[in-house]
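The values are calculated or read from the model by the stated rules, or taken from the named source; none is laboratory data. This structure is a prediction, so every number in the text was calculated from the model and none was measured. No Cβ is skipped: glycine too gets one built from the backbone with ideal geometry, and neighbour counts run over all protein chains shown. The protein model used for the area step is the full one, side chains on, heavy atoms only, and it has no ligands, DNA or RNA in it. Shrake-Rupley method; radii C 1.70, N 1.55, O 1.52, S 1.80 Å.
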Amino acid sequence: MATVSMTVNGNKVSRDVEPRTLLVQYIREHLELTGTHVGCDTSQCGACVVHVDGQSVKSCTILAAQAEGSQVTTIEGLAKDGKLHPMQEAFREHHALQCGFCTPGMIMSAIDLVEKNPKLTEEDIRHGLEGNLCRCTGYHNIVKAIAAAAKTMGG
Amino acid sequence: MYAFNYHKPKSLADAQALVAKFPDGKILAGGHTLIPTLKQRLAQPTDLIDIGGLAELKGITVSGSTVSIGAGTKHGEVADSADVKKAIPALAALAALIGDRQVRNKGTMGGSLANNDPAADYPGAILGLGATVHTTKRAIKADDFLKGMFETALDEGEIITKVEFPVPKRAAYEKFRNPASRYVMVGAFVAETASGIRVAITGAGPTAYRWADAEKALGAKFAVASVEKLVHTSNGLNADIHASAEYRAHLITVMTKRAVAGAGG
Ligand SMILES: Cc1cc2nc3c(=O)[nH]c(=O)nc-3n(C[C@H](O)[C@H](O)[C@H](O)COP(=O)(O)OP(=O)(O)OC[C@H]3O[C@@H](n4cnc5c(N)ncnc54)[C@H](O)[C@@H]3O)c2cc1C
Ligand code: FES
Ligand code: FES
């Protein structure tokens, strides 16, 4: 066992875990933040995407220990004072989800994409989502939602 | 995953000491190859030595006609670097084609080269540009570094510290991606360098290699017409569920042609 500490959604957390604990297990099983999903567990689908120090990453392919001391944001950390993040709001408005399984990862990837490039084009969005799979929507409304959110977020 | 002990050295010297102390340990950089391998229980290291945080292995510097990239530099950092884009745009473009954004936010140049996956991109770049791989022990020329499938000249415990790329006169990389994994099916890196034309093919054989016929043809005249009629043998090429050896052989000419066009030939 080793003590792994980090800041998750603004809260300092610390847990004793086995070194082989993945960041996604730390988040879901130890912190009980189950908004971050596991789709493939093989680094393909992007359901597990969270932000570590401002970068979108696949938390199923990172050890919790690698994120020691980091600032982590999960889907639960986006809404402020009961108000949805503009990206969440845009996904709702533009019907960018059906079953919702891919949505947390999709939103975390989308926010990173827009924050790095506020003036992104439709092509940038489609390429930027290469690491996120959706089995329901056909992506079209996801792309629309991200373009709309980019405008609200100041693009 | 089997259980292991985890270490986070504070310096390269600490990392080397840990590597020496745990002969059955493994270095962890971005983890985007090693963690999937551990999950499948294809490796059982006793200890992981995480070099991901070492500042000594990070950073990109351009001096004169050399671009030097720390082994711990992430693919996304290479892709977005204004310096790399200016000095060797083909290298930045290659990095931007690795995996997806999230993979590029974790995976490192050193990890990719040490692993030498036949379907990886960077082996094509070091060979195509005639780069030098620096380690904790020595400097290794790209032509001597790649030894075979998942095999390099690295000794046990030897750590890649940086890679030095000579700036070419012109260069371009073309990749036929596996549409599902985005790994290379066939990639061609074509460069006109101070020491002549270099054509590196990755994804097609057990490891990246130089295509002598194309180098010769382009040496005579750097133009698409010089390579478009070349026929590459399928002997010894990889064949798997994604592509037959014959299809890869065909793609080699197509990708080389496109890379020559991309480099303005
Ligand atoms: C979904 C997905 C898609 C991908 N697509 C592509 C692609 O299109 N093209 C491509 O090229 N790659 C691709 N990759 C691989 C990716 O680029 C990896 O990040 C890379 O191959 C390994 O780098 P790493 O830093 O993650 O290394 P790690 O996984 O940490 O380590 C890999 C190996 O290298 C050793 N090692 C690491 N650093 C050093 C060092 N400095 N010195 C000596 N040994 C070292 C480790 O001990 C280990 O054996 C993909 C990966 C994933 C998960
Ligand atoms: S669960 Fe992490 S990428 Fe699919
Ligand atoms: S909404 Fe169902 S997987 Fe995307």
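Expressed as a rounded percentage, what relative contact order does chain A have, with Cα pairs under 8 Å and six or more residues apart? Averaging sequence separation for qualifying contacts and normalising by length gives 24 percent for chain A. Here segment A:86-152 is assigned +1 on the Cβ of each Lys and Arg and -1 on the Cβ of each Asp and Glu. Its dipole about the Cα centre then comes out at about 120 debye. Percent of C-alpha pairs per 10 Å bin in chain B, short distances first: 7, 31, 36, 19, 6, 1. Sort segment A:46-111 into rounded, prolate or oblate with this rule: let a ≥ b ≥ c be the square roots of the eigenvalues of the Cα gyration tensor; rounded if a/c is under 1.5, and if a/c is not under 1.5, prolate when a/b is larger than b/c, oblate otherwise. Oblate shape, in that a/c is at least 1.5 and b/c is the bigger or equal ratio.
What does the charge count near B:Asp24 come to, summing +1 for each Lys or Arg and -1 for each Asp or Glu among other residues with Cβ under 12 Å from its Cβ?
Working: positive: B:Lys21, B:Lys26; negative: B:Asp47, B:Glu156.
My count for the surroundings of B:Asp24 gives 0.
Expressed as a whole percent, the accessible surface of the protein assembly as shown that belongs to carbon and sulfur atoms is 51, based on a 1.4 Å probe. Surface burial for A against B, with a 1.4 Å probe and both sides summed, reaches about 2100 Å² of accessible area. Near the amide H of A:Leu22, within less than 5 Å, lie the amide hydrogens of A:Ala64, all on another chain or at least 5 residues away, with H placed in the peptide plane. The contact residues of segment B:87-106, meaning those that lose at least 20 Å² of 1.4 Å-probe accessible area when all protein chains sit together rather than their chain alone, are B:Asp100, B:Arg101, B:Gln102, B:Asn105, B:Lys106.
Less than 15 Å Cβ to Cβ from A:Leu31, Lys/Arg counted +1 and Asp/Glu -1: what total charge do the surrounding residues give?
Spelling it out: positives minus negatives among the neighbours equals -2.
Using a Debye calculation, one point per C-alpha and no hydration shell, please list log10 I(q)/I(0) for segment B:7-100 at q = 0.23 Å⁻¹ in order. Calculated log10 I(q)/I(0) at the listed q: -1.08.
Treat the protein assembly as shown as a sphere of radius equal to its Kirkwood radius over Cα pairs and apply Stokes-Einstein at 4 °C in a medium of 1.567 mPa s; give the translational diffusion coefficient in µm²/s, rounded to a whole number. If you can, show how the numbers build up before the last one.
On the way: Rh = 22.4 Å.
It diffuses with D of about 58 µm²/s by this estimate.
Sorted largest first, the principal axis extents computed over the alpha-carbon atoms of segment B:138-265 equal 46, 39, 25 Å. Note the angle between two axes, namely the Cα long axis of helix A:103-116 and the longest principal axis of the Cα atoms of chain A, as a number of degrees from 0 to 90, rounded to the nearest 10. Long axis of A:103-116 versus the principal axis of chain A: about 80 degrees.
Divided by 2.2 N^0.38 Å, where N counts the residues, the Cα radius of gyration of segment A:2-75 comes to 0.96.
Length, then width, then depth: along the principal axes, the Cα atoms of segment A:26-155 run 36, 30, 25 Å. Three principal axis extents describe the C-alpha atoms of segment B:158-212; from largest down they are 36, 30, 18 Å.
Couplings 3J(HN,Hα) for segment A:146-151, derived from phi with the Karplus relation 6.51 cos²θ - 1.76 cosθ + 1.60 (θ = phi - 60°), are 5, 4, 5, 5, 4, 5 Hz, where x marks Gly and Pro. Which parts of segment B:15-55, residue by residue, lose 30 Å² or more of accessible area when the rest of the protein chains are there, as against the chain isolated (1.4 Å probe)? Going by heavy-atom accessible area, the residues of segment B:15-55 that drop by at least 30 Å² are B:His32, B:Ile35, B:Lys39.
Accessible area per residue (1.4 Å probe, heavy atoms of protein chains only) ranks A:Asp53, A:Asp124, A:Asp81 as A:Asp81, A:Asp53, A:Asp124, with the largest value leading. 3J(HN,Hα) couplings calculated from phi for segment B:110-119 with the Karplus curve 6.51 cos²θ - 1.76 cosθ + 1.60 (θ = phi - 60°) are, in sequence order, x, x, 5, 6, 5, 6, 6, 5, x, 9 Hz; Gly and Pro show x. Among A:Ile111, A:Ile125, A:Ile142, the residue with the largest mean-square fluctuation in a Gaussian network model of chain A, with springs joining Cα atoms closer than 10 Å, is A:Ile125. Legend: mean number of C-beta atoms from other chains within 10 angstrom of residue C-beta atoms, peptide A:36-43, equals 2. Within segment A:86-152, the proportion of C-alpha pairs whose separation exceeds 19 Å stands at 16%. Seen from B:Lys216, the other residues with C-beta closer than 12 Å to its C-beta sum to a net charge of +1, counting Lys and Arg as +1 and Asp and Glu as -1.
Centre-to-centre separation between the Cα atoms of segment B:129-167 and those of segment B:46-63: 15 Å.
For the protein assembly as shown, a simple Cβ point-charge model (Lys and Arg +1, Asp and Glu -1, everything else neutral) yields a dipole of about 740 debye relative to the Cα centre.
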